[in-house]
Amino acid sequence: MNHYSKTIITALLAVAFATPVFAQEIPARAGTAAAEKSGVLAAPKKDIDTVDIAKKLANPIANMISVPLQYEFNRGVGLNQGGSEQTLLFQPVMPFNLGGGDIFIVRPIVAGVRETSVQYAPGQSYSGYGIASVTLESFYAPNTNSSWIWGIGPYAQSPSGNSGRFGSQQTAAGVTGVVLNRDGPWTYGLLGYQSWSVGGNPAFGTQNNLYGQPFVAYTTKTAWTYTANMEAQYNYDVRRTSNPLYAGVSKLFVIDGVPFSFGAGPMYYVSNTPGGPSGWGARATATVVILK
């Protein structure tokens, strides 16, 4: 057998043994491409920055969608201070980008209340539940290119047709504002509003109120947040201030890729309006964050 014949035979053997290998590789590569198109082999998701989200939850005008539920229990309600009150607030936060870093935030608040043995008149007490009010807070927050930020916008509150058992039957209109600083793990500032009565029955209280809420929050590197605030509301007609102090702690978790925050703490009424809550109470919150 000459050299030319040996070369031809060697080449044929190489093709014969290589063919099964190519036959196996082609379907495998085709299957990988199909899996990539179907999303089975999708790129790994980015890690969720829990500390950053926890800091944003302490900021009432953060550019982040959140849906908080807040439960509150108060004692000392009624003329004889012998009743109790449970309140559930549903208050989603919805930011809208205006361009250039400016945002507009809308925060509707629906308050449901359950009262037990609350005395409204001598010898008469009430137990029941209903919707207390529907509030709309809004903030235009420009980009300040600074750690200090602020927001301002219209405020409105409707009594939602309540019977007066759960607060004023008047409608309110006004302005709300906030200014705060984000300094490392600290978030602190002041939120407030001024409201005026624009109609309705004043027999169960008016909406001529000035509200101020100084707050401070500290977020750790493990997404624990320690919060303290004062929620002072002065009514011009009765010339009294309801002033609860709150101190609480919350923790941000990620459950199945969705951030959740859970928090709780005690509160104490330094002063109160006639028939309003007094003494010690408690508050708990549960918040889900919707990432964009």
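With the structure loaded, tell me whether Arg239 is on the phi > 0 side of the Ramachandran plot and among the basic types (Lys, Arg) or whether it fails that test. So Arg239 fits the description; yes.
Just checking, which of Thr220, Thr273 is at negative phi, modelled with pLDDT under 95 and either among the polar types (S, T, N, Q) or in the same structural domain as Ser168 (by TED's automatic domain parsing) (or both)?
Within the list Thr220, Thr273, the selection yields Thr273.
Of the residues making up the stretch 84-91, none is more than 18 Å from the chain's Cα centre (by Cα), in the same structural domain as Ser195 (by TED's automatic domain parsing), buried (at least 17 other Cβ atoms within 10 Å of the Cβ) and of a type in the set (Val, Ile, Thr). Just so you know, in the stretch 265-292 the residues that are under 14 Å from the mean Cα position of the chain (by Cα) and among the small types (Gly, Ala, Ser) include one that is nearest to Lys221 (Cα to Cα), and it is Ala286.
Could you figure out which of (1) more than 23 Å from the chain's Cα centre (by Cα); (2) more than 30 Å from Tyr226 (Cα to Cα) isn't true of Asn145? Result: Asn145 passes all but (2).
The values are calculated or read from the model by the stated rules, or taken from the named source; none is laboratory data. Computed from a predicted structure; not experimentally measured. For neighbour counting, all protein chains shown are included, and Cβ atoms are generated from backbone atoms with ideal geometry for every residue, glycine included.
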